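The values are calculated or read from the model by the stated rules, or taken from the named source; none is laboratory data. On a predicted model such as this, the values are computed, not experimentally measured, just so you know. Every residue, glycine as well, gets a Cβ built from its backbone with ideal geometry; the counts of neighbours run over all protein chains shown. Ligands, DNA and RNA are excluded from the accessible area calculation, which covers all protein heavy atoms including side chains. Shrake-Rupley method; radii C 1.70, N 1.55, O 1.52, S 1.80 Å.
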Amino acid sequence: RMDELQAAILRVKLRALDADTDRRRALAARYDTALADVPGFIRPPELPGRRHVWHQYVVRCADRTRAAVADRLRAEGIHTLVHYPVPIHRQPAYAARSLATEPMIETERAAREVLSLPMYPQLAPEAVTRVAAVLGQSIARS
């Protein structure tokens, strides 16, 4: 459902898809290395035998510090997002039905802890290092 102009733009952008994916993978590896020694964050896993495209790089932090961490990053000019603040079983489309017979403790926890860090193919490697440094500082101040 796109018009001809959008299709033409997408056709050009698709030529860069593999290179952009490779770039995201390199940036994710850099995040993994830079955050390895920063306590208080759970880095996203890449499962054995699978290759992630890293559309997002989402860390988990303690729910008591996520807002403070996001505020600290924002104060340093680093944009973050919480892409999924409401678990699916609490979404309005599912409000009338029960998706689970037991409490969804881990789902609720993840919704409180997730924080998306900057991730896009044009992101400078030095920016990843800076994000990790600010994250380390935010934990040290907590």
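Remarks
- Pairs, first in contact (Cβ under 8 Å) with a residue 12 or more places away in the chain in the stretch 17-30, second of a type in the set (A, V, I, L, M) and in a helix (DSSP H, G or I), C-beta under 7 Å, six or more apart: Leu27/Val128; Arg30/Val128
- Ala111 meets all of the listed conditions (1) in contact (Cβ under 8 Å) with a residue 24 or more places away in the chain; (2) open to solvent by less than 80 Å² (accessible area, probe 1.4 Å); (3) not in a helix (DSSP H, G or I) but one, namely (3).
- Selection of the stretch 53-66 for residues being loosely packed, with under 13 Cβ neighbours inside 10 Å and under 15 Å from the mean Cα position of the chain (by Cα) yields Val53, His55.
- Looking at Val82, Val69, Val128, just one residue is under 14 Å from Tyr57 (Cβ atoms), in contact with a Phe, Trp or Tyr (Cβ under 9 Å, 6 or more places away or on another chain), open to solvent by less than 60 Å² (accessible area, probe 1.4 Å) and among the hydrophobic types (A, V, I, L, M, F, W, C), and that residue is Val128.
- Tally of residues being in contact with a Pro (Cβ under 9 Å, 6 or more places away or on another chain) and not in a loop (DSSP other than H, G, I, E, B) across the stretch 1-21: 3
- Residue in the stretch 37-52 that is modelled with the lowest pLDDT, counting only those that are open to solvent by 100 Å² or more (accessible area, probe 1.4 Å) and not hydrophobic (A, V, I, L, M, F, W, C): Asp37
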